[in-house]
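Please treat every number below as a calculation from the coordinates, not as lab data. Worth saying up front: this structure is predicted, and the values here are computed from it rather than measured. Cβ: placed from backbone, ideal geometry, glycine included. Neighbour counts: every protein chain shown.
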Amino acid sequence: MKSDDNNSIQTVAQPTAAPAAACNKDHDHNSDHDHSHEHGGIFGKNTEVVFSLICGALLGIGFVITFVSASLAWLSLSLYIGAYFFGGFYTTKEAVESIAKGKFEIDFLMLVAAIGAAILGDWAEGALLLFLFSLGHALEHYAMNKARKSIAALAELAPKTAIVRRNGEENEVAIEELLANDIIIVKPNSKISADGIVIKGSSSVNQAPITGESIPVDKTPVPDPQQADKNVSAEHKVYAGTINGSQVLEVKVTSVAADSTLARLIRLVNETEAQKSPTQLFTDKFEKYFVPLVLGLVVLLLFAFLVIDETFSQSFYRAISVLVAASPCALAISTPSAVLSGIARAARSGVLIKGGGPLEQLGSLSALAFDKTGTLTEGKPQLTNVVAFNNATEDQVLEVAVAVEKLSDHPLAAAIVKGGLERLKREVPTAEGLTAVSGRGIKAAYQGKEVVIGNLGLFEHLGQPMPAEVAAKVDQLEQEGNTTMVIQLNGAVIGLIALMDVPRKEATSALSLLKEIGIKKMVMLTGDNQRVATAVANKIGITDAWGSLLPEQKVAAIEKLSQEEGQVAMIGDGVNDAPAMAKSTVGIAMGAAGSAVALETADIALMADNLDNLPFAIALSRKSKGIIRQNLWMSLGMVAVLIPLTILGVATIGVAVIAHEGSTLLVVFNGLRLLAFQVKKV
């Protein structure tokens, strides 16, 4: 979400395309250096691999012949020339294309080194260089595509057709032809074709492809199909690409194919490489200065014979050896391979990470700031306590409260009715004659008796002070974060009802795991009063609670945390928390499936409405940082060792080639380890 990252966003290749040449020093994704169409040939997609293997075979046969008979040296040379052709075919092709754009990349340096070896008569070493370089390219393309395919699989999630009911007839149409408000029929155990709202049928839906949730989610129809829109609760919503259970569902389409959650997810995943990580920015800067220095060193070494006692051919050989040793191929690919694998692994678990920047920054966090409502809590009030007084029973208190609240349109009324009926397990008659009382409560008649429901302020206003026992209980419940209401029947208090936006079931375990992995400071930011904030924080184990905050005060709170703690993430729903997310190091949106705003706003989107994915994302980021660091040291270390060894003549071109290409493949496969990452559960 930072401006630097946003400015770096560029258009990237579709994930199904093969990656650019692994040793491409220019990481600009607009450089047209995508070889997905360049590496085809007479052997199809595998032509590059086949060519490199032919090169290796010709090299091997030619090398063996030199030991068999000196008189067959012409045959060995012919085989080496053939090896040059097959090994250098794609290297030359890419070098020419780069030069045409005014760029001198590593393909060009390798080609110069091979030509230099041929000039020196070292055809075998030149062929070995081209063989390993071309084979390395082919294997790197294969390895990097393995990570890309993990992400590209998203595009295969959605079915190509849907059964739609129009004018009373059911027809199968392409998903591109679906319109908003169409009714689609989803058969048992089939993929859902579009984002929509269930209007008929109940079933369990496997949402793992979109949200990463391992357990199927029960879906039920909306009470009124005519009123169905995008703002209904989660149990009525379904997403394209998810898998229906054993029952038929009828779904009202809310988003056309191009605007579905899956389509937006694929678009965003295609941009994941846009935000470069701090390490990528470092390597880019390093290479910018390093490559000219190497070229300068090579030119100086070409003229070493003028200063020291050796022939021009010896100086030339040393210069070519240094050129091979110093090519920062492993350095160029070390970070992208790890970043891509980390992003692919996260996507598989329902976590969308928008690039290398957020991936690395997430692992550097020292503090987390959480929105309360809907993030740490369920986001809707629930009936938490019923207390009876004056010989009444809890069931009697509930019955009176439910009967009256059925008439009310207050936001808390629905929670009282729902919670009360669940506890009573029976229907309750509706009261009569509802009226508001002084804006602090309500009054109605139930079974011929007057009922007044309101807070303590209402009864004080009416000149009816509460008994000490009732006042003490109200104070205790409110200290615990509840909203309380007193219920009076015919002038006598019969009980209290308490409601609260309860913590999420997984909140305590998720926060505990975050502490375990080293997050010391966790702050809850909320517009609720401080007493409620403190009560919720104490229940779930959060370290600090800052209450009574307006949206602009949340932004100020993030700024303050950033000054005190350094790296800070803001976790919210991506809508009203957008300004605070923008101010944080990393903005994380909860429950982003189905929310266009959350997907666009956040640096990281937890597709499932589940806090358990947050410790996983942070642990994955830390592992990614560790692997990126390992790759950096391996690649820089190899260059640091090889350059002096080749300058001193200890390492030949052959040794430099093997070490150079070996380190490149090592960093790629080290990065691919992230695809198998798992985090322990508490």
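The table below lists the values:
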read-out: Ascending count of other beta-carbon atoms within 10 Å, so fewest first, for Phe370, Phe282; value: Phe282, Phe370
read-out: Estimated dipole of the stretch 437-502 in Debye, rounded to 20 [Cβ of Lys and Arg +1, of Asp and Glu -1, Cα centre]; value: 300 debye
read-out: Diffusion constant of the stretch 307-349 at 25 °C, which comes from Stokes-Einstein with the Kirkwood Cα-pair radius and 0.890 mPa s, µm²/s; value: 181 µm²/s
read-out: Quotient of Cα Rg and 2.2 N^0.38 Å for the stretch 161-259, N being how many residues it contains; value: 0.96
read-out: Normalised contact order of the stretch 161-259, rounded percent, pairs of Cα under 8 Å and 6 or more residues apart; value: 39 percent
read-out: Label point distance in nm, Phe303-Ser190, each placed 7 Å from Cα along Cα→Cβ; value: 7.7 nm
read-out: Subset of Lys187/Lys219; Lys219/Lys554; Lys187/Lys418; Lys473/Lys520; Lys354/Lys505 violating a 24 Å alpha-carbon distance limit; value: Lys219/Lys554; Lys187/Lys418; Lys473/Lys520; Lys354/Lys505
read-out: Tensor-based shape of the stretch 379-503 (alpha-carbon gyration tensor, a/c under 1.5 rounded, otherwise prolate or oblate); value: rounded
read-out: Alpha carbon centroid spacing (whole Å) that separates the stretch 326-381 from the stretch 528-576; value: 21 Å
read-out: Local electrostatic count, Gly363, Cβ distance below 12 Å [Lys/Arg +1, Asp/Glu -1]; value: +3
read-out: Whole-Hz couplings from phi, Karplus 6.51/-1.76/1.60, listed for the stretch 668-678; x for Gly and Pro; value: 5, 6, 5, x, 5, 4, 5, 4, 9, 4, 10
read-out: Extension gain, Gln382 back to Arg423 (0.36 nm per residue minus Cα-Cα distance, nm); value: 13.6 nm
